[in-house]
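Here the structure is laid out as structure tokens; the discussion comes afterwards.
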Amino acid sequence: MPARSVTVVAMSTDTAPTTDTTKATAVVDTYLATWNETDRARRAELVDASLGTDLWYRDPMLEADGLDAYHAMIDGVEAQLPNHVMRRTGPLDVHHDVMRFTWALGPEGGEPVFAGVDMAKFDAAGKLHRIVGFVPAAAP
């Protein structure tokens, strides 16, 4: 059997590794609060606290490049699903500058209409700047 070699290549040099789950959880919970905030000024504060200016967001139904596009995306979700709330449904799985978490979106106090998992990457400031969401065909 021939010898195998492995080459390790750094994915990024623009971020400092983090495994501080407490800080990561606070950032994610603030990010999720941006989905729930209907006051645009208050949402802007939450966005500033949790998302990098070079945000890149993708899920099967939505996408946003930059913070202005993100605000417009959230406005659209609010218009289609008023009085729905986004919530984290489990703990974060964090290593280096990446993580994943599960979430659900549904009427406040009701069953979720969407649920899924997001994978995200932190920027050098500890904010989310790459978010990729996966949504199964039906809510749990």
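Legend: ranking of residues W103, W56 from fewest to most surrounding C-beta atoms inside 10 Å; resulting order W56, W103.
Using only alpha carbons, segment 21-134 has a radius of gyration to Kirkwood radius ratio (Rg to Rh) of 0.93. In order along segment 76-90, the phi-based Karplus estimate (6.51 cos²θ - 1.76 cosθ + 1.60, θ = phi - 60°) of 3J(HN,Hα) comes to x, 5, 4, 5, 7, 10, x, 6, 9, 10, 9, 9, 6, 10, x Hz; Gly and Pro are listed as x. Using the alpha carbons alone, the radius of gyration of segment 75-140 stands to its Kirkwood radius in an Rg to Rh ratio of 1.02.
In this structure the amide hydrogen of D59, modeled in the peptide plane, comes within under 5 Å of the amide hydrogens of G133, none closer than 5 places in sequence on its chain.
Here, each number is a calculation from the coordinates, and none is a lab measurement. What you are looking at is a predicted structure, and each value in this text was computed from that prediction instead of being measured. Positions of Cβ are generated from backbone atoms using ideal geometry, with glycine treated the same way; all protein chains shown enter the neighbour counts.
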